[in-house]
């Protein structure tokens with residue numbers, strides 16, 4: 001698998017635009033200052049742009065370890081657990097027939113099939 005090389009200029013641009021969007025949407029004043037600082041530092045020095053890109057890569061790596069676990073936990077506890085509890089309360093008592101209460105699991109169906117239903121099975 002090839003390692004993707006990042007472009008520090010594009011990374012600085014994405015961070016700058018993202019912070020400006022945060023400022024526009026939420027009116028967070030600190031976001032505009034971060035945007036200006038990152039944008040100016042990235043424009044003035046290629047070395048600083050590379051350092052910003054390196055820091056951004058490390059931050060995204062750390063977030064990739066944390067965020068999926070948090071999201072999956074939220075989905076499990078807020079969505080799947082209530083559905084499972086409701087299913088146990090209101091559903092059939094033995095939906096998979098695991099308790100083996102009958103002699104046979106075969107269910108006879110008394111239905112007449114016409115000969116035309118067997119002509120073209122697919």
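No value in this document is a laboratory result; all are computed from the given coordinates. These numbers come from a predicted model, not from an experiment. No Cβ is skipped: glycine too gets one built from the backbone with ideal geometry, and neighbour counts run over all protein chains shown.
With 87, 116, 45 as the choices, which residue is over 30 Å from residue 10 (Cβ atoms) and over 30 Å from the mean Cα position of the chain (by Cα)?
116
Out of (1) in a helix (DSSP H, G or I); (2) over 26 Å from the mean Cα position of the chain (by Cα); (3) loosely packed, with under 10 Cβ neighbours inside 10 Å, the odd one out for residue 109 is which?
Of everything listed in (1) in a helix (DSSP H, G or I); (2) over 26 Å from the mean Cα position of the chain (by Cα); (3) loosely packed, with under 10 Cβ neighbours inside 10 Å, residue 109 misses just condition (1).
Surrounded by 11 or more Cβ atoms within 10 Å (Cβ to Cβ) and outside any helix (DSSP H, G or I): is that true of residue 6 in this structure?
yes
Among 77, 55, 26, 61, which is the only one that is surrounded by 11 or more Cβ atoms within 10 Å (Cβ to Cβ) and without any contact (Cβ under 8 Å) to a residue 12 or more places away in the chain?
Just a single option satisfies the conditions, and that option is 55.
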